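The values are calculated or read from the model by the stated rules, or taken from the named source; none is laboratory data. The structure presented is a predicted model; accordingly, all values stated were derived computationally and were not measured. Methodologically, a virtual Cβ is constructed for each residue, glycine included, from the backbone with ideal geometry; neighbour enumeration extends over all protein chains shown. Calculation scope for accessible area: heavy atoms of the full protein, side chains included, ligands and nucleic acids excluded. Shrake-Rupley method; radii C 1.70, N 1.55, O 1.52, S 1.80 Å.
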Amino acid sequence: MKLNLLILVLGALSLQVGAQASQQANLNSIHNNNVQIKMPSPQWVFQADSIVIPNHEAKLAMAEQYLAEQLKPLLAKQDYQAAAQVIESYQKIEKSAALLQLSGQIYLALDQLDKAEAIFTQALKLSPGLSRSHRSLAVIYLQQQRIELAQQHLAQTIALGQYDAQVFGQLAYLNLQAQQPWGAVSGYQNALLLEPNNHQWQQGLLAALVQSQQLASAQALVAELLSKEPDSKALWLRRGQIALGLQQYQHALASFEMAHRLGDSALENLILIAQLHLQHGSLAKASQLLGTVLNTDPLQFDALQNAIAWLIQNNNFSEAEALLNQLTRPDQLAPMAQSQFYTFKGQIALAQNKAESALKHYQQALELNANNGQVLISLAEHFAKLQLYSRAELYFIRAAALSETQEQAWLGHAQLEINQQDYASAMALLNKVLKANPTRSDLKNNLEILQRLSNQQS
């Protein structure tokens, strides 16, 4: 009899650990740095050369000198529309590569990208060594997110001997977009050597350092930038992201809260703050933030499920119930989300010894999602406690057909068979667990004990 009790305890413990693991998953993702932070999109500005009449790459033809004289005063006062009209009045002459390059720069300044692209391409057919045409095409392709073409023309620009902050910064951006953060770090560092106060290069370097997991360097840089821009919510969000990566959770929490005070209202970030509060801050504050999210957008219930599960798992039933009660129209949710809503209601009711109410909620959950593994396990355990073994077995069998609850169901079903002294059936179920999960070596001792008990019966 003593051995039998030992197995009962072990079986119950296995089920409990499995349930905790499934409900903790999302909150644990904070510790695994597997979180999504909604940050303002950076504004990337890609500049071409100032428009000047080139005199070092290609020269205007003699027949174009009169045209050049007309263009000079217009370009000096940046009247590009008038300059374009002058260019267009000379459609009948055969244009040199130099004039084509100049024309392309004028249309680029007017943001007529398609026309500028065609003219620069034509200029390069006549003279492939026009570095400004390569560079201008790179800018056009960057603005259009045609990354490979931009990279080709920037490479040609460098090969032709043009190196400045814009070229380094543009190359760094391309590396960042291509998920090559080490190259991006190098490019932005070179750009900052030439333009140390350029905000765009600073932001790019920060993003590249984070992407390359150089978090200590990123943390030092974001501290420097915040000393100059203490009211930048984007920098505070970045500071929080870096702190999460370094597992400095209090530091991350303080950073995200500062961003929130400065006006960051992204619901994703509010949920993250609440999750951090659940494990590293104030439960009351977490509940308040989660309530704010639900009040703002009830459909965010999907994103809050793991936080609510955490509250229930840690016996914070009143907080979980208060959140659920804010959803006055659960029928507005998708069926799967509604099923989870009633699952939570049932778990809370069962914890409060309201079995009838719990069963009602569980039934609602199953009507919405017949494959709700959590509910199937809960119902099986409930009927097992009441010694309604046939009903319990039915739910364990249904739960075992689902991959996410299969191991729990087999263990619970084995416990059910032990309670009925059907040791052979219990061994068969535990062997299924062991075959599917060989790491459960702890079950081998249970199997040996069950085998002895089975032998005694026979």
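Exposed loop GluC sites (Glu not before Pro) only (DSSP loop, at most 16 other Cβ atoms within 10 Å): please give the longest stretch of the chain free of them, not including the sites.
Details: sites that count: Glu57, Glu94, Glu404.
Answer from the scan: 95-403.
From largest accessible area down, sort Met62, Met427, Met336, Met258; use a 1.4 Å probe on the protein chains. Intermediate values should be presented prior to the final figure.
Values: Met62 160, Met427 25, Met336 125, Met258 55 Å².
If we order Met62, Met427, Met336, Met258 from most to least accessible, we get Met62, Met336, Met258, Met427.
Kindly state, to the nearest 0.05, the FRET efficiency for Asp79 paired with Lys228, given R0 = 41 Å and r defined as their beta-carbon distance.
0.65
On a full-extension model of 0.36 nm per residue, what is the gain between Leu246 and Arg391, subtracting their alpha-carbon distance, rounded to one decimal in nm? If you can, show how the numbers build up before the last one.
Working: separation 145, 0.36 × 145 = 52.20 nm, distance 4.91 nm.
Between Leu246 and Arg391, full extension yields an extra 47.3 nm.
With only Lys, Arg, Asp and Glu charged, each at its Cβ (+1 for the first two, -1 for the last two), find how big the charge dipole of region 223-289 is about the Cα centre; round to the nearest 20 debye.
Values: 6 positive and 6 negative charges, 15 e Å.
For this selection, approximately 80 debye.
Suppose the chain between Ser186 and Ser127 were pulled fully straight at 0.36 nm per residue; how much longer would it get relative to their current alpha carbon spacing? Don't skip to the answer; put the middle values down first.
Working: separation 59, 0.36 × 59 = 21.24 nm, distance 3.13 nm.
Going from the current span to full extension adds 18.1 nm.
If the only charges are +1 at each Lys and Arg Cβ and -1 at each Asp and Glu Cβ, what is the size of the charge dipole of region 235-369 around the Cα centre, to the nearest 20 debye?
Numbers: 8 positive and 10 negative charges, 52 e Å.
Taking the Cα centre of region 235-369 as origin, the dipole is about 260 debye.
Loop only per DSSP, at most 15 neighbouring Cβ atoms within 10 Å: give me the chymotrypsin sites (Phe, Trp or Tyr not before Pro) in region 159-217, ordered by residue number. Before the final figure, lay out each step's value.
Details: sites: Tyr163, Phe168, Tyr173, Trp182, Tyr188, Trp201; in loops: Tyr163.
Hits after loop and neighbour filter: Tyr163.
Please compute the per residue accessible area over the chain with all protein chains in place, 1.4 Å probe, rounded to a whole number of Å². If you can, show how the numbers build up before the last one.
Values: 22470 Å² over 458 residues.
Accessible surface, normalised per residue, equals 49 Å².
Ignoring any ligand, DNA or RNA, what whole percent of the accessible area of the chain comes from carbon and sulfur when the probe is 1.4 angstrom? The partial results should precede the final answer.
On the way: 11310 of 22470 Å².
The computed percentage sits at 50.
For the pair Ala63 and Gln91, how long in nm is the line joining their label points, each one 7 Å along Cα→Cβ?
It works out to 1.7 nm between the two label points.
Would you work out which of Gly129, Ala351, Trp201 lies farthest towards the positive end of the dipole of the chain, given +1 charges on the beta-carbon of Lys and Arg and -1 on that of Asp and Glu, about the Cα centre?
Value computed over the given set: Ala351.
Keeping all protein chains in position, work out how much accessible area Phe317 exposes to a 1.4 Å probe, and write it in Å² to the nearest 10.
Phe317 has an accessible surface of roughly 50 Å² with all protein chains in place.
Put +1 on the Cβ of every Lys and Arg and -1 on every Asp and Glu Cβ in the chain; which of Ala155, Gln211, Ala370 then has its Cα farthest towards the positive end of the dipole?
Going by the charge dipole, the pick is Ala370.
With Kirkwood radius over Cα pairs in Å defined as stated, name the option among [x] 27.6; [y] 27.0; [z] 28.8 computed from the structure displayed.
Structure-derived value, by its label: [x].
Give the longest segment of the chain that steers clear of trypsin sites (Lys or Arg not before Pro) in DSSP loops with at most 11 neighbouring Cβ atoms within 10 Å, not counting the sites themselves.
Maximal segment without exposed cleavage sites: 93-458.
Quickly work out the Asn197-to-Thr328 label distance, labels modelled 7 Å from Cα along the C-beta direction, and quote it in nm with one decimal.
The two pseudo-label positions are separated by 5.5 nm.
Roughly how big is the chain's charge dipole about its Cα centre, with Cβ charges of +1 (Lys, Arg) and -1 (Asp, Glu), in debye to the nearest 20?
Values: 30 positive and 34 negative charges, 131 e Å.
Computed about the Cα centre, the dipole is about 640 debye.
Would you be so kind as to identify which of Gln338, Gln451, Leu394 lies farthest towards the positive end of the dipole of the chain, taking Lys and Arg as +1 and Asp and Glu as -1 on Cβ and the Cα centre as origin?
The residue sitting farthest along the positive end of the dipole is Gln451.
When the helices in the chain are scored as -39500 (n - 2.57) per DSSP H run of 4 or longer and the sum is shared across all residues, what 222 nm value do you end up with, to the nearest 500 deg cm²/dmol?
Details: 24 runs with 333 residues, N = 458.
Rounded to the nearest 500, it is -23500 deg cm²/dmol.
At a Cα cut-off below 29 Å, give the lysines reachable from Lys95, other chains included and same-chain residues fewer than 8 away excluded.
Of all the lysines, those that pass the test against Lys95 - Cα under 29 Å, at least 8 places apart if same chain - are Lys59, Lys72, Lys77, Lys115, Lys125.
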